[in-house]
Amino acid sequence: MGSAVVVGAGGLSAMAVGLSASGPPGTTSIPTSFGQVRVTSAQRQSRLSGEAGAGHGGHRVAGSSSPQPVNMTYGDHLVLRVDAVNESDDDVLFSPGQIRVRPDSQPWLVVNRGSDLPAGALPAGGRASASISFLVPSDAARFSVQFDDMAPGSPPLDLPLPAVAWRPGYLEADHA
C-alpha cells in the first residue's frame, strides 16, 4: 500500500510506505520527537570487481577484504531503505543526512554519499521513504545505524538494522 507525498516548491517528493510497530525481523519502528522512523532493508555490494572477498558459490564472506579503490575511499557500498512518519501536527525537517552508519571495524560514523530523497519538509501526517547510500570498509562484518532526531536535547537514536543482504556483482560495473 502506498501513496505519493508531494510538497510545494523546493519541498519533498517521495513514495510513502506504511509503517507498523513491527515488520520483518530487524525493522522495528523507533519513536522520534515527531513520529517514527525505521530501516526496512539493507544491501551491500563491492565497489570493484575481483576475487578477493568471494566465498563458496560466489557469495561474499562477511568481513573479508575486497579490492580497494585507488583513491583510498571505502571498498564496499551499503544501501539502507529508511521510512519515516510524521505523526505530529507540524511540518518537520527530514533529511537522509540524519542517518549515519557505524561499521564495527571503525570507531567513527560514516555519513551518506547520496540518496534518492532530498532534504525538505515532511508534512504533518506525512510519510517518506528513502534509499540512502554509504561507502563502508570492506573489512566491516556488522553495522549499527543512528538517527539524529534533531530535537533539542535529544541524543542520537539507535535504529535496528535488518540482516544485510549481499548484492551480487560490483557497483563500479553498474555505475561509471
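Against the numbered list (1) closer than 14 Å to VAL39 by Cβ; (2) assigned to a loop (DSSP other than H, G, I, E, B); (3) open to solvent by 70 Å² or more (accessible area, probe 1.4 Å), ASP158 comes up short only at (2). Inspection of segment 127-135 identifies at least one residue that is modelled with pLDDT under 95, in a strand (DSSP E or B) and farther than 16 Å from ARG38 by Cα. Of the residues examined, ARG127 is one that is out of contact with any His (no Cβ under 9 Å at 6 or more places or on another chain), basic (Lys, Arg) and open to solvent by 10 Å² or more (accessible area, probe 1.4 Å). Residues that are among the aliphatic types (A, V, I, L, M) and not in a strand (DSSP E or B) were ranked within segment 92-126; the one that is nearest to the chain's Cα centre (by Cα) is VAL111. In segment 73-98, of all residues being in contact with a Gly (Cβ under 6 Å, 6 or more places away or on another chain) and open to solvent by less than 30 Å² (accessible area, probe 1.4 Å), the one that is nearest to LEU135 (Cα to Cα) corresponds to VAL85. Checking ALA140, ALA151 one by one, the residue that is within 15 Å of THR32 (Cβ to Cβ) and in a loop (DSSP other than H, G, I, E, B) is ALA151 and no other.
The values are calculated or read from the model by the stated rules, or taken from the named source; none is laboratory data. What you see is a predicted model; the values in this text were computed from it and never measured. Please note: Cβ atoms are built from the backbone with ideal geometry, for glycine as well, and neighbour counts cover all protein chains shown. For the accessible areas, the whole protein counts, side chains as well, though only heavy atoms, and no ligand, DNA or RNA atoms are used. Shrake-Rupley method; radii C 1.70, N 1.55, O 1.52, S 1.80 Å.
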